[in-house]
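*Asks:* Encoded as structure tokens, here's the structure I'll be asking about.
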Amino acid sequence: MADPRGFLKVRERELPPNRPVSVRLRDWNEVKDELGKDATVLKQQAGRCMDCGIPFCHQGCPLGNLIPEWNDLAWRDQWKDAIDRLHATNNFPEFTGRICPAPCETSCVLGINQPAVTIKNIEVEIIDRAFKEGWITPHVAQRHTGRTVAVVGSGPAGLAAAQQLTRAGHTVAVYEKDDRIGGLLRYGVPDFKLAKRHIDLRVSQMEAEGTRFRTGVSIGEDITWDDLRARYDAVLIATGAPKPRDLPLPGRDLDGIHFAMPYLHQGNQAAAGDPLEEQITAEGKHVIVIGGGDTGSDCIGTALRQGAASVTTLAIGKKPPLERTESMPWPTDPRVFEVSTSHEEGGERDYLASTVEFLGDESGKVRSLKVAVTQYNPDGSRTPTPGTEREIPADLVLIAMGFTGPEVTDLEEQARVALSPRGQIERAEDFATSADGVYVAGDAGRGASLVVWAIAEGRAAAAAIDEYLTGSTELPAPVTGRSTALRA
Ligand SMILES: Cc1cc2nc3c(=O)[nH]c(=O)nc-3n(C[C@H](O)[C@H](O)[C@H](O)COP(=O)(O)OP(=O)(O)OC[C@H]3O[C@@H](n4cnc5c(N)ncnc54)[C@H](O)[C@@H]3O)c2cc1C
Ligand code: SF4
């Protein structure tokens, strides 16, 4: 155990400061302040861990991260051992340590009567040190099995599976239709949350281990799913769930109304220095973001950096409570009011706001939104309250209302995998689809979720594929295809 009296001596949660808003809005660099880190504070926080008999944080983390063990090692300054324990369950702590919403912290036992241990911050410090010290080296397989696996999609699910399978001795090729590796980490999450050098560093390690990467290849179009299956001994579908939920209201086809993803994709390309002919930009515009989740929040931070005149987020539901309520007790992952780093930077949040219509000018461009107060009906549905309509000026509208599932047209026709009633790719406990030797992991099978779940599923699917190919496996399988998050 770290310091046995640590949680009594230090009762407050302390995190390194982020860069000041006025400074960070001028660039695309990470919000985190590398210079503001204080090793003493970090050790004190690690020392607050009580090494609980039943560590609920393990259960809260979909990867089953061995949190008390690496808290203890960080507290003792044994950073090399700490990264070994962290890597035992998580291939990419540099991603989760930056952008995981940290369900481990909401289930930390200290959270019953004190603020939780700063688990995520300790995690990122362990991996950042490991990279700086040169401890992240390739783990090359000692023997090759002669079996081949195609991983389709290079998001966190595909990457985690590819790394596990390569290390198990299989020959693995990752196919990615985009021009760069990383999935939503590359072209969804903006640089100010996750600098892209972290993806590049990890991909370099994977290439040195023997994983092959093929960018600019769309399976289903450039190579059929059938051909791919014929060429490889097993296939993993890790293509994400990119189909956006639309808002088909009058005026939806006006200029200036976009889904969030093309906007964020371009924002990431621009930050990478790619030339863009017609970038959707918020510069000088009144921006309305419809939808209050992660994607909406990333739109806010991007729009503010582009110099938007104003940014307003419309959320159809009620403002969530500031603290846990009786219906979401510890250790469940509560739905409380969240303030992301982008929310700290500016913009307004408008709750109980139901969009009724998009209004345009004579040239066909959006000029405002008609919005009404949301009313909750006895059958649980939500509708606009008649007579409460008002207009909000808008030059750019970003629809960030979530995702309905994976793109499956080619898959269904060519690979003949069955779909669930909700449009996700159907999978068994072991992530196998209905097609022999074809597996699925991450958002494509689970529906739009989190990076930590994608990594956990990628690891578990890799174990199942290894067993399929060789008859047994020693790879860990942290979750099953039927797992659900610990949520009230
Ligand atoms: C804007 C945004 C912000 C987010 N922020 C967070 C956050 O802060 N924290 C968090 O935990 N989660 C966040 N998420 C969710 C998280 O990014 C996803 O849950 C996660 O990336 C899913 O991983 P995946 O590997 O399943 O799929 P993806 O990351 O979606 O990757 C799928 C990849 O497959 C490729 N592909 C698809 N079809 C084909 C094909 N036919 N051939 C070849 N390649 C193909 C795609 O181009 C893509 O690169 C966010 C999501 C979005 C959209
Ligand atoms: S991956 Fe997420 S849930 Fe797991 S320990 Fe890290 S921050 Fe917590």
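The values are calculated or read from the model by the stated rules, or taken from the named source; none is laboratory data. Just so you know, these numbers come straight off a predicted model, no measurement behind them. We place every Cβ from the backbone using ideal geometry, glycine too, and count neighbours over all the protein chains shown. Surface accessibility is based on the protein's heavy atoms, side chains included, excluding ligands, DNA and RNA. Shrake-Rupley method; radii C 1.70, N 1.55, O 1.52, S 1.80 Å.
*Asks:* Against the condition in a loop (DSSP other than H, G, I, E, B) and either in the same structural domain as Tyr263 (by TED's automatic domain parsing) or within 16 Å of ligand 2 (Cβ to nearest atom) (or both), how does Thr388 come out, does it pass? It would help to see each step written out before you state the result.
*Replies:* On the way: in a loop (DSSP other than H, G, I, E, B): yes; either in the same structural domain as Tyr263 (by TED's automatic domain parsing) or within 16 Å of ligand 2 (Cβ to nearest atom) (or both): yes.
So Thr388 fits the description; yes.
*Asks:* A further question on this structure: For the structure I just gave you, tell me whether Pro20 is out of contact with any Phe, Trp or Tyr (no Cβ under 7 Å at 6 or more places or on another chain), away from ligand 2 (no atom under 16 Å from the Cβ), free of Cβ contacts under 8 Å to residues at least 12 places away in the same chain and more than 29 Å from Asp298 (Cα to Cα).
*Replies:* Here the answer is no, as Pro20 does not meet what is asked.
*Asks:* Further question on the same structure: Can you tell me which residues in segment 399-438 are of a type in the set (A, V, I, L, M) and either buried (at least 22 other Cβ atoms within 10 Å of the Cβ) or in a loop (DSSP other than H, G, I, E, B) (or both)?
*Replies:* Ile399, Ala400, Met401, Val408, Leu411, Ala415, Val417, Ala418, Ile425, Ala428, Ala435, Val438
*Asks:* Within segment 224-252, which residues are more than 27 Å from the chain's Cα centre (by Cα) and open to solvent by 20 Å² or more (accessible area, probe 1.4 Å)?
*Replies:* Result: Thr224, Asp226, Asp227, Arg229, Ala230, Arg231, Tyr232, Asp233, Leu249, Pro250, Gly251, Arg252.
*Asks:* How about segment 376-398: which of its residues are open to solvent by less than 90 Å² (accessible area, probe 1.4 Å) and either within 16 Å of ligand 1 (Cβ to nearest atom) or within 22 Å of Cys299 (Cβ to Cβ) (or both)?
*Replies:* Selection gives Ile392, Pro393, Ala394, Asp395, Leu396, Val397, Leu398.
*Asks:* So Arg482 clears everything in (1) at pLDDT below 95; (2) open to solvent by less than 20 Å² (accessible area, probe 1.4 Å) except one condition, right? Which one?
*Replies:* For Arg482, the failing item is (2).
*Asks:* Only residues that are open to solvent by 30 Å² or more (accessible area, probe 1.4 Å) and closer than 15 Å to Gly6 by Cβ: list them for segment 43-61, please.
*Replies:* Of everything in segment 43-61, those that are open to solvent by 30 Å² or more (accessible area, probe 1.4 Å) and closer than 15 Å to Gly6 by Cβ turn out to be Lys43, Gln44, Met50, Asp51, Cys52.
*Asks:* Another question, if that's okay. Please identify the pairs in which a residue from segment 99-124 that is farther than 22 Å from Gln78 by Cβ and of a type in the set (Val, Ile, Thr) has its Cβ atom under 8 Å from the Cβ atom of a residue that is near ligand 2 (Cβ under 9 Å from one of its atoms) and outside any loop (DSSP other than H, G, I, E, B), counting only partners at least 6 apart or on another chain.
*Replies:* Hits for this filter: Ile99/Val451; Thr106/Gly60; Val109/Cys57.
*Asks:* Working only within segment 212-257, note down all residues that are out of contact with any Asp or Glu (no Cβ under 8 Å at 6 or more places or on another chain), among the acidic types (Asp, Glu) and within 14 Å of ligand 1 (Cβ to nearest atom).
*Replies:* Answer for segment 212-257, where residues must be out of contact with any Asp or Glu (no Cβ under 8 Å at 6 or more places or on another chain), among the acidic types (Asp, Glu) and within 14 Å of ligand 1 (Cβ to nearest atom): Asp222, Asp226, Asp227.
*Asks:* Given (1) more than 12 Å from ligand 1 (Cβ to nearest atom); (2) open to solvent by 20 Å² or more (accessible area, probe 1.4 Å); (3) within 27 Å of Pro334 (Cβ to Cβ); (4) in a loop (DSSP other than H, G, I, E, B), identify the lone condition not met by Thr145.
*Replies:* Condition (3) is where Thr145 drops out.
*Asks:* Determine which member of the set Gly64, Gly158 is touching a residue at least 24 places away in the same chain (Cβ under 8 Å), within 24 Å of the chain's Cα centre (by Cα) and surrounded by fewer than 23 Cβ atoms within 10 Å (Cβ to Cβ).
*Replies:* Gly64
*Asks:* If a residue has to be surrounded by 22 or more Cβ atoms within 10 Å (Cβ to Cβ) and not in a loop (DSSP other than H, G, I, E, B) to count, how many in segment 86-101 make the cut?
*Replies:* The number of residues fulfilling the criteria is 7.
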